[in-house]
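The values are calculated or read from the model by the stated rules, or taken from the named source; none is laboratory data. As the structure is a computational prediction, the values presented were derived from the model and not from experiment. FYI the Cβ positions are ideal-geometry reconstructions off the backbone, even for glycines, and counts take in every protein chain you see.
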């Protein structure tokens, strides 16, 4: 579904990504792991066209997308839950949800308001609250729901549970497991390794703008040296 092929990305004259390649297959959950500042968010920004690549290719569902503007990439079926949530603070929860609602790809059973609220029932009691009246956890739920209402083929979450209370993190992981069971393709960045290993099919580790390891949950779980070298504090 998604092929990132030896991409290089720069911020001005500073190179941030060095030949990064990864793939996500249909119905697969893949993680992007690594310490802070290793290039994970830049990889997401590159996929979404927010920080254009200077070399390499990005192919989504058979279409080259690396020269497209970010709105066109989103319309092809990539839903982003960005780091920091970025919901509309001066719109209500309901307005935030409906603002992105679309079925451009003609999904046979698209997401509806009732459908997304069944994933995060907590938001049903907040529909008339403004975005800036929500807790951080509720904002993250809203950001996920907002992305789902675009009916994406691929869902990307950048720092899925960062800074959230344990009970809220549990709800996010439960929702992502439900989406996986429903066949969603997901790329997720997070630091909660135990939860990620329960959820994902494959894992990719980044260091200093390069992809340094890729493998299955079983391989990652069995290699303590690898985890200590690239993921330990």
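Data table
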{"item": "Residue match in region 163-179 (condition: crowded, with 22+ Cβ neighbours inside 10 Å, touching a strand residue (DSSP E or B) at 6+ places or on another chain (Cβ under 8 Å) and outside any helix (DSSP H, G or I))", "result": "no"}
{"item": "Some residue of region 142-152 being surrounded by fewer than 18 Cβ atoms within 10 Å (Cβ to Cβ) and part of a helix (DSSP H, G or I)", "result": "no"}
{"item": "Test: residue in region 28-46 that is closer than 25 Å to residue 145 by Cα, loosely packed, with under 15 Cβ neighbours inside 10 Å, free of Cβ contacts under 8 Å to residues at least 24 places away in the same chain and more than 16 Å from the chain's Cα centre (by Cα)", "result": "no"}
{"item": "Test: residue in region 4-15 that is within 19 Å of residue 157 (Cα to Cα) and surrounded by fewer than 21 Cβ atoms within 10 Å (Cβ to Cβ)", "result": "no"}
{"item": "Every residue from region 112-130 that is without any contact (Cβ under 8 Å) to a residue 24 or more places away in the chain and either in contact with a strand residue (DSSP E or B) (Cβ under 8 Å, 6 or more places away or on another chain) or part of a loop (DSSP other than H, G, I, E, B) (or both)", "result": "112"}
{"item": "Failed criterion for residue 109 (all others in (1) touching a residue at least 24 places away in the same chain (Cβ under 8 Å); (2) closer than 25 Å to residue 71 by Cα hold)", "result": "(1)"}
{"item": "Qualifying positions in region 79-111 - in a loop (DSSP other than H, G, I, E, B), in contact with a strand residue (DSSP E or B) (Cβ under 6 Å, 6 or more places away or on another chain) and either closer than 21 Å to residue 1 by Cα or modelled with pLDDT of 95 or more (or both)", "result": "82"}
